[in-house]
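Structure first, then comments.
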Amino acid sequence: MVEETFVAPNPREAFELAKEKYGYFSELTLLKAIQIKNDKGKLVSQITVSVSSNDFLDSIGYDEEEELVKEIHVLKEQISTMKQLVSPEDTAEVQPVLNAVKSVMLQRGLSEVWLDEILGEVAQSTVAEDEQLLLSYVLDEINERLRVKPEVLSGQKIMMLIGSTGVGKTTTVAKLAARYALLLENPLKVALVNLDTFRVGAYEQLEHYADQMQLTHIKVERVEAFAEVLRDLKGYDVILVDTAGVSPYDTGKLIKTIEFLKNTGDHKVEASLVLSATAKREDVVDIYEHFSFLDIESAILTKFDETKRIGELFGFLIEKQIPVSYISDGQYVPDDLTVASKERLMERLAGELL
Ligand SMILES: Nc1nc2c(ncn2[C@@H]2O[C@H](COP(=O)(O)OP(=O)(O)OP(=O)(O)O)[C@@H](O)[C@H]2O)c(=O)[nH]1
Ligand SMILES: [Mg+2]
């Protein structure tokens, strides 16, 4: 047997390449399907197949009766096409593979409707014959649909973190502040603004971080004063705005947060929805709907360290097409924060699957 690798944008195409090369009737055994980065840093699929020595020699033209072999290949391909048309039996054969992959992805929190849709697209193809291949295909589909927001640091950046109670807004503001003001190669001038006038100790929590990093920090109590404060901070590169945690039952806080966002004068404020990876999908949907009439520019995912069941959150982000900007994966300021990347997101979802 000879082993050979094929690389393509997704595992299905990689497998098709192998089939193209060796003919549809050849005995290809899939040994491995992984995702790798190509030389441009893009995620692609690499599969390794084993092929019989005869087929391999055949493929490099080592056959005296080449013409005959070609004819046989054509015939094999025709038979294979005919086989594919006789699908009821095939579907029965691949059903255990489809079920196995579906069950793995359901455990990760992905929605059944969505999985049925994706799996339905390949149920009749060769991809559905192999569990690893099918799994890579599903992961690849998720990878394609997820969106990330690159970090932009040119011009003034005013970023307001909004979201439910206790998701990690203040901690993330502190981590972002440390990143921009202390950790970047070219540090930026950062100010912190606190709009949380509801929770006792909210200001002190932010003040503590601001003092540690020696950053300007301002508390704004009245909605009308917000635009003025932003004007006063015009010499700052980054203004990070912390807000009160909102629960779906607490319309008072929600209205005030929205009023703040609507009263920024002519300042462009980027609203980032902070979502905890541990939140239930219904709660995420609820909070998103509360804020949905605002322009949410990105999502910051927190508590990434606390759960493996992040499929639900991914399903939601894909459905609403919200790009992810940062990922927080622990309580430590400033270490536990990274700029979101597809690799990082997929790594967590794929885990030990492949
Ligand atoms: N494990 C883990 N804990 C986190 C993460 N981010 C924040 N926390 C913890 O979550 C708790 C709440 O964090 P805060 O930053 O106060 O949350 P908040 O959204 O500002 O809360 P409110 O202002 O009350 O709405 C704290 O104990 C944080 O240390 C994270 O990524 N992983
Ligand atoms: Mg807070």
* How many residues are surrounded by fewer than 17 Cβ atoms within 10 Å (Cβ to Cβ) and either more than 15 Å from ligand 2 (Cβ to nearest atom) or part of a loop (DSSP other than H, G, I, E, B) (or both) if we restrict to segment 192-212? -> 7
* Given L188, L206, which one is away from ligand 1 (no atom under 11 Å from the Cβ) and in contact with an Asp or Glu (Cβ under 6 Å, 6 or more places away or on another chain)? -> L188
* Could you list, in sequence order, the residues of segment 270-283 that are of a type in the set (A, V, I, L, M, F, W, C) and away from ligand 1 (no atom under 14 Å from the Cβ)? -> A271
* Go through H267, H208, H217 for me and flag whichever is at pLDDT below 95 and not charged (D, E, K, R). => H267
* Structure fact -> Across segment 144-177, the tally of residues that are part of a helix (DSSP H, G or I) and more than 12 Å from ligand 1 (Cβ to nearest atom) stands at 3
* To do: Name every residue in segment 182-191 that is in contact with a helix residue (DSSP H, G or I) (Cβ under 7 Å, 6 or more places away or on another chain) and either in contact (Cβ under 8 Å) with a residue 40 or more places away in the chain or within 16 Å of ligand 2 (Cβ to nearest atom) (or both), in order of residue number.
  => L182, L188, V190
* To do: Please work out if A100 is surrounded by fewer than 21 Cβ atoms within 10 Å (Cβ to Cβ), among the aliphatic types (A, V, I, L, M), more than 16 Å from ligand 1 (Cβ to nearest atom) and assigned to a helix (DSSP H, G or I).
  => yes
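Yes/no matrix, rows are residues, columns are (1) away from ligand 1 (no atom under 16 Å from the Cβ); (2) more than 20 Å from L161 (Cβ to Cβ):
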position: F304; (1), (2): no, no
position: T307; (1), (2): no, yes
position: I318; (1), (2): yes, yes
position: V324; (1), (2): no, no
position: I327; (1), (2): no, no
position: Y332; (1), (2): no, no
position: T338; (1), (2): no, no
position: E343; (1), (2): yes, yes
position: L349; (1), (2): yes, yes
* Structure fact -> Reported set for segment 30-42 where residues are modelled with pLDDT under 80 and either over 25 Å from G351 (Cβ atoms) or in contact with an Asp or Glu (Cβ under 7 Å, 6 or more places away or on another chain) (or both) is L30, L31
* Identify the single condition in (1) under 24 Å from T302 (Cβ atoms); (2) more than 16 Å from ligand 2 (Cβ to nearest atom) that Y236 does not satisfy, given that it satisfies every other one. => (1)
* List every residue pair whose Cβ atoms sit under 6 Å apart, with the two residues 6 or more apart in sequence or on different chains, where the first one lies in segment 216-233 and is β-branched (V, I, T) and the second, anywhere, is modelled with pLDDT under 95 and assigned to a helix (DSSP H, G or I). => V223/E259; V223/F260
* What number goes with the only condition from (1) of a type outside the set (S, T, N, Q); (2) buried (at least 19 other Cβ atoms within 10 Å of the Cβ); (3) outside any helix (DSSP H, G or I); (4) more than 20 Å from the chain's Cα centre (by Cα) that Y180 does not pass? -> (3)
* Asked: Restricting attention to segment 170-181, which residues are under 27 Å from D266 (Cβ atoms) and either within 12 Å of ligand 2 (Cβ to nearest atom) or modelled with pLDDT under 95 (or both)?
  -> T172, V173
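The values are calculated or read from the model by the stated rules, or taken from the named source; none is laboratory data. Please read these numbers as outputs of a predicted model, since none were measured by experiment. We place every Cβ from the backbone using ideal geometry, glycine too, and count neighbours over all the protein chains shown.
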